[in-house]
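Below is one structure; the comments refer to it alone.
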Amino acid sequence: MTVDPERLKRCFDHIGRGLYWHHFNQKRFAGQISAHIEFLVNPGNDLFGEFNHPQRRLRELASHAFSSIQKIGANPSVFYYQVNHNVIELYPAMRLVFYEGSCITLVFG
């Protein structure tokens, strides 16, 4: 399947801003959001090694950083998110999880 990663990142940027508004009860986050789409990995093709390696490493780091963080969402088998205030010194990070496995890490800055 062909994916447009920049378009996906813009979508997750908008979702992140909405969740920030909802979670922190603040009208607007004016900074930058860096979206890291963890599920964009090609596990069966060594030609994508240069792309896959950082993605796998990000997934490992995010899994560790969010392992003990509360899951927020009424239907976690469909969607939940987590907020970690300790990943970046001044800004929170969020992990969005869709359908129990499609993960996106958002770093607010």
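No value in this document is a laboratory result; all are computed from the given coordinates. On a predicted model such as this, the values are computed, not experimentally measured, just so you know. So basically every Cβ, Gly included, is an ideal-geometry build from the backbone, and we count neighbours across all protein chains shown.
When the Cα atoms of the chain are aligned to their principal axes, the ranges along those axes come out at 44, 28, 27 Å in descending order. With K and R counted +1 and D and E -1, the other residues having a Cβ less than 12 Å from that of residue 17 yield a net charge of +2.
Using alpha carbon centroids, what distance separates the range 13-37 and the range 67-109, in Å? For the range 13-37 versus the range 67-109, the Cα centre distance is 12 Å.
The calculated 222 nm mean residue ellipticity attributable to helices in the chain amounts to -12000 deg cm²/dmol, summing -39500 (n - 2.57) over DSSP H runs of n ≥ 4 and dividing by all residues.
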